[in-house]
Amino acid sequence: MENNIKTTEVKYIDLSHAIEHGTVTYPGDPAALIEPYIERESSSKQNGGGPTSGSEINKITIVSTSGTYIDAPYHVFADGKKIKDYPLEKLVNLPSLVVKMSECRNYFDVQDIEGLNVKGKAILFYSGHDKLFMTSEYGKNAPYLTIELANELVEREAAFVGIDTPLVDDIKKISKIGTPVHYILLGAEIPICEDMTNLQSLPENGFIITALPPAVALESFPARVFATFR
């Protein structure tokens with residue numbers, strides 16, 4: 001009997017910056033350091049002079065906010081939950097929307113989500129600023145979310161917030177007002193994903209994302225973030 005079931009190819013889009021030796025994510029932070037721990041040529045010495053295993057193991061030193069990463073409440077609240085405390089349903093297979101920044105300003109505001117159903121969805125804010133990643137311009141005039149928009153996202157029960165810039169907050173005002181958008185979103189236990197990339201490759205809706213870091217007892221950690229759609 002002929003099988004008439006039609007299958008639709010699943011497509012994946014990577015939304016993460018790679019972390020390599022020398023990668024600097026937030027301007028001024030130390031670069032990622034990757035160095036050998038056991039090299040292939042010396043593995044026979046580690047094996048008591050026996051045959052080489054051909055294995056290589058490296059050491060990596062990074063700040064927890066390297067590459068594309070997730071923030072947990074502990075990032076700003078001393079008694080807040082850590083990355084390991086996020087249930088998988090907050091990070092896996094999230095229905096998602098892309099919100100594009102207005103050409104007349106360099107920030108996202110409440111009017112950008114007017115008419116959108118954001119409840120239970122990952123809202124990804126696309127500015128195109130990721131093209132400056134690993135340049136001296138990346139930390140300058142970086143787009144951000146207004147406090148009013150952050151409050152609106154909480155009120156309307158968004159599930160996740162991502163952006164393709166260094167911060168959801170205004171990087172120019174950190175020394176004066178701190179990071180109020182972080183406090184608002186993380187206070188509602190909404191995961192924040194910063195330094196995303198490739199958002200221009202996504203449709204406006206009709207896809208899901210997964211943003212999964214290891215289960216670490218930290219405030220932030222790099223994640224492999226990707227979109228899935230048919």
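In segment 59-89, which residues are in contact with a Pro (Cβ under 6 Å, 6 or more places away or on another chain) and closer than 18 Å to Pro222 by Cα?
Scanning segment 59-89 gives Ser66, Gly67, Tyr69, Ile70, Lys81, Ile83.
Remark: pairs (first residue in segment 1-27, under 25 Å from Phe229 (Cβ atoms); second residue open to solvent by 100 Å² or more (accessible area, probe 1.4 Å) and at pLDDT 90 or above; Cβ separation under 6 Å; 6+ apart in sequence or on different chains) = Ser16/Arg224.
Rundown of residues vs (1) without any contact (Cβ under 8 Å) to a residue 12 or more places away in the chain; (2) touching a helix residue (DSSP H, G or I) at 6+ places or on another chain (Cβ under 8 Å); (3) within 30 Å of Val10 (Cα to Cα), yes/no style:
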| position | (1), (2), (3) |
| --- | --- |
| Ser55 | no, yes, no |
| Ile60 | no, no, no |
| Val63 | no, no, no |
| Gly67 | no, no, yes |
| Lys81 | no, yes, no |
| Lys84 | no, no, yes |
| Leu94 | no, no, yes |
| Ser102 | yes, yes, no |
| Tyr107 | no, no, no |
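In segment 210-230, the qualifying residues are those that are over 19 Å from Asp85 (Cα atoms) and crowded, with 16+ Cβ neighbours inside 10 Å, and the one that is nearest to the chain's Cα centre (by Cα) is Phe226. Does Val181 count as crowded, with 23+ Cβ neighbours inside 10 Å, without any contact (Cβ under 8 Å) to a residue 40 or more places away in the chain and either closer than 18 Å to Phe226 by Cα or not aromatic (Phe, Trp, Tyr) (or both)? So Val181 passes the test.
Within segment 94-114, the residues that satisfy the criterion of being over 19 Å from Phe207 (Cβ atoms) and open to solvent by 80 Å² or more (accessible area, probe 1.4 Å) are Glu103, Cys104, Gln111, Glu114. The residues of segment 69-79 that are of a type in the set (A, V, I, L, M) and touching a residue at least 40 places away in the same chain (Cβ under 8 Å), listed by number, are Ile70, Ala72, Val76.
Determine which member of the set Gly128, Gly139 is touching a residue at least 60 places away in the same chain (Cβ under 8 Å), open to solvent by less than 30 Å² (accessible area, probe 1.4 Å) and over 22 Å from Pro180 (Cβ atoms).
Values: Gly139 fails: over 22 Å from Pro180 (Cβ atoms).
Answer to the check: Gly128.
For (1) open to solvent by less than 30 Å² (accessible area, probe 1.4 Å); (2) under 19 Å from Ile83 (Cβ atoms); (3) among the small types (Gly, Ala, Ser), each residue gets a yes or a no:
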{"site": "Leu167", "(1), (2), (3)": "yes, yes, no"}
{"site": "Lys173", "(1), (2), (3)": "no, no, no"}
{"site": "Gly187", "(1), (2), (3)": "no, yes, yes"}
{"site": "Cys193", "(1), (2), (3)": "yes, yes, no"}
{"site": "Leu199", "(1), (2), (3)": "yes, no, no"}
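Can you spot a residue in segment 150-164 that is at pLDDT below 95, open to solvent by 10 Å² or more (accessible area, probe 1.4 Å) and not hydroxyl-bearing (Ser, Thr, Tyr)?
no
The values are calculated or read from the model by the stated rules, or taken from the named source; none is laboratory data. Remember, predicted model here, so these are calculated numbers, not experimental data. As a convention, Cβ positions derive from the backbone with ideal geometry for all residues, glycine included, and neighbour counts pool all protein chains shown. When the accessible area is computed, the model is the full protein with side chains, heavy atoms only, and any ligands, DNA or RNA have been set aside. Shrake-Rupley method; radii C 1.70, N 1.55, O 1.52, S 1.80 Å.
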